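Data block below; observations after.
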Amino acid sequence: LENLQPEIKKLAERLRYEVSVRGKQRGWSEKVARFHFKKNLRKIITELYIRDNCHPFKATLLVWVQIPMWVCVSLALRNCSVGATDWEVQEQFAAGGALWFTDLTAPDSTWILPVLLGLVNLLIVEV
């Protein structure tokens, strides 16, 4: 999308000139000329997106897939650790941690994992 911006600017300037000339020939008001400029510019930009296969929605697609997945995984982990009714599962989670988090049923008091998870998700979205 960023690589298309110079080309879009050039095409917009050319279109603005063409619309102003056509508007003077046909006696359009400023509002009508602006309407035709915007309509034709949208058409040109859409054609550029199709030509280069880079629609802006594709850039946000990862976010729309990742957010529901993150919510589902978070809820599943919470239900496994807190909502488990089987005593053996509770014992395994209470003794199955590593490093500074030895008890997986206790909340993370240092906030290292939630902040790290948030930063990793931000990095993935930005990349």
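Throughout, read-outs are computed from the coordinates displayed, never taken from laboratory work. Since the structure is predicted, the reported quantities are computational estimates derived from the model, not experimental observations. Note: ideal-geometry Cβ built from the backbone for every residue, glycine included; neighbour counts use all protein chains shown.
Annotations
- Mean residue ellipticity (222 nm) of the chain, computed from DSSP H runs ≥ 4 via -39,500 (n - 2.57), nearest 500: -25500 deg cm²/dmol
- Rg to Rh quotient for segment 60-126, alpha carbon positions, Kirkwood Rh: 1.05
- Prolate/oblate/rounded label for segment 29-72 (Cα gyration tensor, a/c 1.5): oblate
- Each Cα pair under 8 Å and six or more residues apart adds its separation to the average, and for the chain the resulting relative contact order is 15 percent.
- Modelled spin labels at CYS54 and ARG78, positioned 7 Å past Cα toward Cβ, are 3.9 nm from each other.
- If you plug the beta carbon distance of TRP64 and GLN25 into 1/(1 + (r/R0)^6) with R0 = 35 Å, you get a FRET efficiency near 0.15.
- The alpha-carbon atoms of the chain define a convex hull whose volume equals 170 cubic angstrom per residue.
- Axis of helix 5-26 versus longest Cα principal axis of the chain: the two differ by about 40°, to the nearest ten degrees.
- Excluding exposed DSSP-loop chymotrypsin sites (Phe, Trp or Tyr not before Pro) (at most 13 other C-beta within 10 Å), longest clean stretch of the chain: 1-99
- Rg to Rh quotient for segment 3-54, alpha carbon positions, Kirkwood Rh: 1.05
- Simple Cβ-charge dipole of segment 3-54, Lys/Arg +1 and Asp/Glu -1, about Cα centre, in debye nearest 20: 280 debye
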